[in-house]
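Novice: Handing you this structure, nothing more for now.
The values are calculated or read from the model by the stated rules, or taken from the named source; none is laboratory data. Remember, it's a predicted structure, so these values are computed and weren't measured experimentally. Glycine also receives a Cβ, built like all others from the backbone with ideal geometry; neighbour counts cover every protein chain displayed.
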Amino acid sequence: MKIAFIVNNFPVLSQTFILNQITGLIENGHEVDIYAAPSNELKIHSDIKKFHLIQHTYYFSIPSKNHVVTLLRSLRLTLVNSWKYPILINWLFNGINYTKQLSLPAWLIPYIVLPFLSTKQYDIIYCHFGPNGLKGALLKKLGLTKGKVVTTFHGYDITKYVEKSRQNPYKHLFEVGDIFLPISEHWKNKLIDLGCDEKKIIVHHMGVDCQKFSFTPRYPSNDGKVRIVSVARLVEKKGIEYGIRAIAKLAKANQSIEYNVIGDGPLRSDLDDLIKQLGVENTVKLLGWKEQDEVVEVLNKSHVLLAPSITSQDGDQEGIPVVLMEAMAMGIPVVSTQHSGIPELVQDGVTGFLAPERDIDTLAEQLSYLIEHPELWLEMGKAGRKHIEEYYNIHQLNQQLVNIYQQLLSE
């Protein structure tokens with residue numbers, strides 16, 4: 001099969017769930033191209049080079065935040081390229097109805113379609129995140145592709161994005177799109193509430209490569225330190241503030257705790273200030289972004305993973321954080337929250353513990369219980385590994401994805 005991935009940015013170090021799908025499909029003999037806005041990240045995953053993915057990536061032009069500038073650039077892109085692709089003029093004038101239906105500004109047409117004009121036809125247009133599904137639907141409405149349009153919904157695209165829209169932004173996508181793959185039952189129900197035909201919905205999890213995340217039994221360390229770790233972008237919905245506050249509460253009575261936070265983002269300076277305010281500079285360390293091998297190295301030395309996810313003030317929510325899957329695959333007990341699809345992954349009391357969102361006291365109590373009962377680490381670690389192998393193994397999930405594609409094409 002020939003498959004086009006439409007994603008937000010590429011490559012992005014934190015989005016291994018997308019990379020794992022791409023490389024898995026390539027290893028299974030399928031052709032994959034990627035369409036995305038450029039990424040400004042300096043570190044990239046080693047698989048990007050291994051699979052020569054940059055050579056198979058086509059970049060969208062970036063619209064300006066100034067709508068007038070974006071419109072002028074759109075006209076320029078149309079005029080400059082219309083001698084080679086005369087249909088651009090027709091699309092710009094006749095595509096307005098399509099863009100209205102799909103909640104897209106008409107002047108974005110050249111930005112979206114130009115990267116596809118010089119490339120091959122695809123069997124599948126696979127769109128990660130709802131707004132990219134709108135792009136796939138536009139390509140289909142314009143006749144630029146005959147491929148099946150498949151859209152995966154993750155989190156912000158069905159919470160924050162929907163709440164910011166005056167009306168349902170996916171109404172016509174649900175009509176044009178061929179199938180929808182929410183990453184949890186939680187988001188499946190949300191799609192149904194928005195009017196998506198349930199017959200078009202298949203829950204398809206993100207997953208991890210269990211061969212890359214080896215199971216290691218967790219035991220108390222010789223130096224007496226209990227190492228807790230979070231891996232997250234430093235944005236509100238990751239809830240790192242509440243993780244730091246819970247750790248600070250524990251640190252007053254237990255000086256043997258070490259809390260490492262891997263990740264970066266707009267809240268870094270605020271979190272630095274919070275750490276100083278709480279007086280836990282010697283306990284909490286913000287390590288910045290790490291490559292996957294470096295992340296695995298830190299996880300290997302950790303006893304508990306903390307993922308205190310919350311619903312942000314603008315309504316943004318998580319999907320199911322892949323780092324929870326990675327930690328569970330490695331035999332690390334986890335502490336997280338009753339948020340989005342997380343309870344579908346973490347079995348409360350079996351593979352870890354779940355606290356209500358923003359509940360610092362309960363987070364601290366659950367962490368304290370794990371610290372005081374290290375005999376649970378191995379038991380929870382084994383249960384977590386088994387759960388990942390059965391339900392979140394990327395190799396099995398990629399084969400399921402291929403089966404979904406083939407079923408679509410046979411219809």
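Novice: Which residue, of GLU291, GLU297, is over 20 Å from TYR156 (Cα atoms), touching a residue at least 40 places away in the same chain (Cβ under 8 Å) and surrounded by fewer than 21 Cβ atoms within 10 Å (Cβ to Cβ)?
Specialist: GLU291
Novice: Go through (1) modelled with pLDDT of 95 or more; (2) exposed (fewer than 13 other Cβ atoms within 10 Å of the Cβ); (3) of a type outside the set (Asp, Glu) one by one and return the number of the condition HIS204 breaks.
Specialist: With (1) modelled with pLDDT of 95 or more; (2) exposed (fewer than 13 other Cβ atoms within 10 Å of the Cβ); (3) of a type outside the set (Asp, Glu) applied to HIS204, the lone miss is (2).
Novice: Also: Using beta carbons and a limit of 7 Å, which pairs, at least six apart or on different chains, have the first residue in the stretch 145-161 and over 9 Å from TRP187 (Cβ atoms) and touching a residue at least 12 places away in the same chain (Cβ under 8 Å) and the second one hydroxyl-bearing (Ser, Thr, Tyr) and part of a strand (DSSP E or B)?
Specialist: Matching pairs, first to second residue: VAL150/TYR126.
Novice: Please state which one of TYR391, TYR405 is closer than 30 Å to HIS30 by Cβ, within 25 Å of the chain's Cα centre (by Cα) and surrounded by fewer than 18 Cβ atoms within 10 Å (Cβ to Cβ).
Specialist: TYR391
Novice: List pairs: first residue in the stretch 33-47 and farther than 22 Å from TYR126 by Cα, second residue in a loop (DSSP other than H, G, I, E, B) and of a type in the set (Val, Ile, Thr) anywhere in the structure, Cβ distance under 7 angstrom, at least six positions apart or on different chains.
Specialist: GLU41/VAL12
Novice: Going by the structure shown, is PHE174 aromatic (Phe, Trp, Tyr), surrounded by 18 or more Cβ atoms within 10 Å (Cβ to Cβ) and within 11 Å of PHE153 (Cα to Cα)?
Specialist: Answer is no for this residue.
Novice: Exactly one of these conditions fails for GLN211: (1) surrounded by 14 or more Cβ atoms within 10 Å (Cβ to Cβ); (2) under 23 Å from the mean Cα position of the chain (by Cα). Give me its number.
Specialist: Going through the list (1) surrounded by 14 or more Cβ atoms within 10 Å (Cβ to Cβ); (2) under 23 Å from the mean Cα position of the chain (by Cα), GLN211 breaks only (1).
Novice: Are there any helices (runs of 4 or more DSSP H) wholly within the stretch 325-411 with 2 or more residues that are closer than 21 Å to THR152 by Cβ, in contact (Cβ under 8 Å) with a residue 60 or more places away in the chain and in contact with a strand residue (DSSP E or B) (Cβ under 7 Å, 6 or more places away or on another chain), and if so which?
Specialist: Fully inside the stretch 325-411 and qualifying: 394-410.
Novice: For the stretch 112-130, name all the residues that are assigned to a helix (DSSP H, G or I) and surrounded by 20 or more Cβ atoms within 10 Å (Cβ to Cβ). So that I can check it myself, show each step before the final result.
Specialist: We begin by selecting, within the stretch 112-130, every residue assigned to a helix (DSSP H, G or I); these are 112-117, 130.
Listed by number, the residues that qualify are ILE112, VAL113, PHE116, GLY130.
Novice: I would also like to ask the following. Looking at the stretch 155-169, which of its residues are of a type in the set (Val, Ile, Thr) and part of a loop (DSSP other than H, G, I, E, B)?
Specialist: Correct list: THR159 only.
Novice: So SER214 passes all but one of these: (1) within 30 Å of SER368 (Cα to Cα); (2) touching a Leu at 6+ places or on another chain (Cβ under 9 Å). Which condition number does it fail?
Specialist: Condition not satisfied by SER214: (2).
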